[in-house]
Amino acid sequence: MRIYNASAMSLLGHLQADFHHIMDETKAGLKYVFQTNNDYTLAITGAGHAAMEASIMNLVERGERILVCVNGMWGSRAREIAERQGCDVRVLEKSPGGYYTYDEIEQGLKEHKPSVLFIVHSESSSGICQPMDGIGALCHKHNCLIIVDTVASLGGTPFLTDEWDLDCVYTGSQKCLGAPPGIAPITFSPRAMYHHTAAINLVYALRESLALLSEEGLENSWKRHNNTIEYFWAGLEKMGLEMFVKDKAHRLPTVTSIKIPEGFPDWKAVPDYLMKNYKLEIVGGMGPTVGKVWRVGFMGHNSYTEKVDQFLRLFKEAIESVTKGHS
């Protein structure tokens with residue numbers, strides 16, 4: 001409610017001193033959640049996709065080489081953006097649900113010698129969480145910058161921009177931060193900055209969401225998300241369902257991909273049932289996981305065990321209803 005009320009505050013001019021103060025507070029909150037002292041930490045108008053494009057456009061010139069780690073929808077999208085920009089795009093490809101080891105990334109850097117490495121920390125199309133410790137230093141050892149996508153993870157699981165020596169990290173406002181969509185936090189050293197009319201109300205809401213996160217404490221938020229998702233996974237297993245990512249250690253604690261049972265009559269009917277009867281939204285897979293999984297998110301103010309209990313009851317009802325209707 002605090003975030004909703006903040007977004008409804010009276011508009012200020014984007015050049016007014018009061019709004020500059022609000023932006024300074026928002027920047028401080030972003031530096032906290034990113035765990036960085038980077039001065040170039042800001043929020044741009046647009047979704048996480050806009051931040052992805054901004055990071056690539058600012059750090060890779062036409063003709064320069066970028067190595068993109070593709071193990072799902074978002075790595076694939078970064079590859080498309082870089083190709084449209086005219087970059088020399090090389091790819092390290094994994095099947096959905098797979099993650100990259102330190103040695104695999106080092107081999108890719110040695111072989112391709114890129115200027116920039118792009119990797120997704122939270123590949124929400126499959127539910128995999130990419131280990132990051134040591135990857136930033138490895139890139140710098142090979143004279144390479146690193147861009148990291150944390151749209152579905154920042155604030156919900158440990159992420160340490162400075163400690164992990166990362167060059168550019170971006171996220172979305174509407175996931176674990178719990179603010180409205182339409183504004184994308186990013187931290188990096190830009191080649192150019194362009195000032196424009198800001199999304200005033202979205203900054204209000206983002207500042208309030210960061211205040212709530214600061215009050216809770218980042219480590220407490222990480223712990224809460226982890227406890228909630230462990231509880232959720234246990235509930236799914238009791239229902240006889242399997243996770244798409246087998247190894248718990250590499251599952252996202254924010255977005256869970258649930259294997260659609262073999263022979264299930266109509267996977268789309270389950271999200272349709274939940275939306276029609278309860279205004280509850282879950283989605284299917286993306287890209288290579290379409291038709292293979294249901295994806296369920298517990299992020300921000302939805303990441304509580306009480307919410308899990310409610311969801312599991314309705315999810316079970318939906319599955320049973322669809323199964324019965326096709327028997």
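Observations on the structure shown:
- Counting only helices (runs of 4 or more DSSP H) wholly contained in the range 66-145, the ones carrying 3 or more residues that are within 15 Å of residue 288 (Cβ to Cβ) occupy 73-85.
- Any hit, the range 177-189, residues being more than 21 Å from residue 254 (Cβ to Cβ) and assigned to a loop (DSSP other than H, G, I, E, B): yes
- Flag if residue 167 is in contact with a strand residue (DSSP E or B) (Cβ under 7 Å, 6 or more places away or on another chain), at negative phi and either in contact (Cβ under 8 Å) with a residue 12 or more places away in the chain or hydroxyl-bearing (Ser, Thr, Tyr) (or both): yes
- Which numbered condition residue 241 misses (of (1) within 27 Å of residue 289 (Cβ to Cβ); (2) modelled with pLDDT under 95; (3) surrounded by fewer than 23 Cβ atoms within 10 Å (Cβ to Cβ); (4) among the aliphatic types (A, V, I, L, M)): (2)
- The condition of being part of a helix (DSSP H, G or I), among the acidic types (Asp, Glu) and closer than 29 Å to residue 208 by Cβ holds for only one of 272, 309, that being 309.
- Scanning the range 28-74 for residues that are aromatic (Phe, Trp, Tyr) and closer than 24 Å to residue 125 by Cα yields 34, 74.
- Which listed residue, of 189, 214, is more than 30 Å from residue 314 (Cα to Cα), in contact with a Cys (Cβ under 9 Å, 6 or more places away or on another chain), modelled with pLDDT under 95 and small (Gly, Ala, Ser): 189
- Of all the listed residues (150, 101), the sole one being touching a Ser or Thr at 6+ places or on another chain (Cβ under 7 Å) and either modelled with pLDDT of 95 or more or on the phi < 0 side of the Ramachandran plot (or both) is 150.
- Picking from residues in the range 147-172 that are polar (S, T, N, Q) and buried (at least 24 other Cβ atoms within 10 Å of the Cβ), the one that is farthest from the chain's Cα centre (by Cα) is 161.
The values are calculated or read from the model by the stated rules, or taken from the named source; none is laboratory data. All values reported here derive from a predicted model rather than from experimental measurement. As a convention, Cβ positions derive from the backbone with ideal geometry for all residues, glycine included, and neighbour counts pool all protein chains shown.
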